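Just so it is clear, none of the values below were taken in a lab; they were calculated from the coordinates. Just so it is clear, the model here is predicted, and its values are computed rather than measured. Cβ atoms come from the backbone with ideal geometry, glycine included; neighbour counts cover every protein chain shown.
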Amino acid sequence: MLTGSILIAALMIFQAGELWLANHWVASGDLTLMERGAALVPGDGSSWDALGHARQWTFSDFDLLGAIADYEKALHDNPRSAHYWMDLASSYELSGQDSKAESAYARAQQVYPASAEVAFYYGNFLLQRQDYPAAFAQLRRAVSGDRSFLPLAISRAWRATGDTKLILEQLLPARADAYDQAIDYFASIHQGDAALAAWSRLVGLRAALPLPRTFPLFDELIRENRSADARRIWPEALTLAGVADNQTGNDSLVWNGNFSDEFTDGGLGWRWDPVPGVYLSFDSPPPQGSGRSLRMDFNDGSNVDLSAPYEYVPVSPETSYHFHAMMRTDGITTESGLRFAISDPNHPNAVYATTENFIGTHAWTPVDADFTTGPDTAFLAVRLMRPQSRLFDNKLGGTAWIAAVSLVPATVPAAVRAPVPTQAAPEPRK
């Protein structure tokens with residue numbers, strides 16, 4: 001009895017040692033040792049699969065035919081592994097044996113029909129063979145099962161076909177996240193038409209979409225000078241985001257010119273790039289005004305180079321416009337104060353208008369500018385500016401308020417252009 005127990009224990013120790021040695025050799029990265037390790041453990045397909053990977057993907061030991069043989073041994077041990085079938089398919093594909101590769105991908109799918117990974121790689125293989133109906137069916141299966149495949153599926157389908165309609169109709173499921181990913185991709189490669197086509201389908205779903213998710217599309221429309229498209233879809237973006245469009249009804253093209261809403265930091269809303277030493281908050285509007293004013297406090301700590309807040313405003317070319325805002329200051333230091341600047345972000349020499357430089361202390365005062373857009377102007381950047389001071393004592397201090405920002409065609413009546421009552425401005429405080 002004791003002898004039998006000792007023999008069983010010795011056998012178990014021997015087998016454990018053999019298994020440890022096999023695993024150690026397989027993990028060594030040395031092809032000779034890996035092959036010995038795989039042979040030590042009959043029926044363990046993972047060792048042969050690891051050896052096939054080493055032959056196929058290690059540049060210095062590249063041996064594609066050897067890899068195919070290893071994968072076939074792995075499948076002999078475990079023919080129900082979709083992973084091994086895909087490895088074999090990829091090695092057939094690399095060796096130019098397309099018919100065998102397709103058969104191996106098909107077997108992988110038979111083994112694991114629900115696998116999004118199998119469908120994705122099978123679809124990619126079919127794309128390269130330009131079998132687009134079958135490829136798109138597989139890729140749609142992949143992205144329907146695993147959303148993480150969406151960006152790659154869209155980019156590879158676009159590179160293979162360049163066909164927006166095909167991608168939207170045959171690849172993407174009718175889901176908001178799928179169209180959202182397509183919009184992001186098309187915007188990133190500067191394909192505005194394709195991005196707008198995907199946007200149209202997204203809007204048709206009437207699904208909620210956070211406003212920042214739309215910003216890549218608006219940035220691309222601004223880059224492409226497509227003001228009519230940007231103006232058209234901005235209300236749609238607000239609706240999908242559940243953001244109220246609180247325009248004042250004064251025909252101004254500036255969105256949220258009375259600061260009744262928070263900054264969007266993208267799209268066609270106000271943007272703010274944080275600047276050290278500048279603190280933003282909202283305050284009361286001018287007398288008889290509406291909404292809020294934007295308050296900026298400067299802490300005398302730096303020579304601020306300010307070019308925000310700013311907003312991109314869709315406009316028309318060769319059109320005269322009137323800009324209006326209200327500004328108030330208290331103890332603004334240095335000779336370089338606050339002013340508005342209006343420019344064409346895509347054509348630097350087409351338009352440039354500025355308002356009066358405000359320093360010292362002013363009561364609420366209207367600031368205005370008239371200008372005409374250039375022949376190619378489709379957007380204007382309306383921004384608050386304070387260039388750095390050239391003086392030795394150049395640290396900016398004090399407080400400034402802005403309100404009632406508007407931009408209207410010059411043909412609009414004056415009463416509409418400047419709806420906020422004005423006050424006399426005292427001399428700047430020295």
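Subtracting the Cα-Cα distance of Asn78 and Ser316 from 0.36 nm times their residue separation leaves 78.9 nm of extension gain. Using R₀ = 25 Å, calculate the FRET efficiency as 1/(1 + (r/R₀)^6) where r is the Cβ-Cβ separation of Thr372 and Ser307; round to 0.05. Computed FRET efficiency for Thr372 and Ser307: 0.60.
Calculate the FRET efficiency for Asp146 and Asp393 from the Cβ-Cβ distance with a Förster distance of 45 Å, rounded to the nearest 0.05. Before the final figure, lay out the partial values.
Values: r = 62 Å, r/R0 = 1.37.
Using R0 = 45 Å, I get an efficiency of 0.15.
For region 302-417, averaging the sequence separation of C-alpha pairs within contact (under 8 Å, six or more residues apart) and dividing by the residue count gives a relative contact order of 44 percent.
Take the Cα of Asn299, step 7 Å toward its Cβ, do the same at Leu64, and the gap between the two points is 6.3 nm.
Could you compute the FRET efficiency for Arg159 and Arg206, with r as their C-beta to C-beta distance and R0 at 41 Å, rounded to 0.05? Mind dumping the intermediate values first?
Working: r = 31 Å, r/R0 = 0.76.
For R0 = 41 Å, the calculated efficiency reads 0.85.
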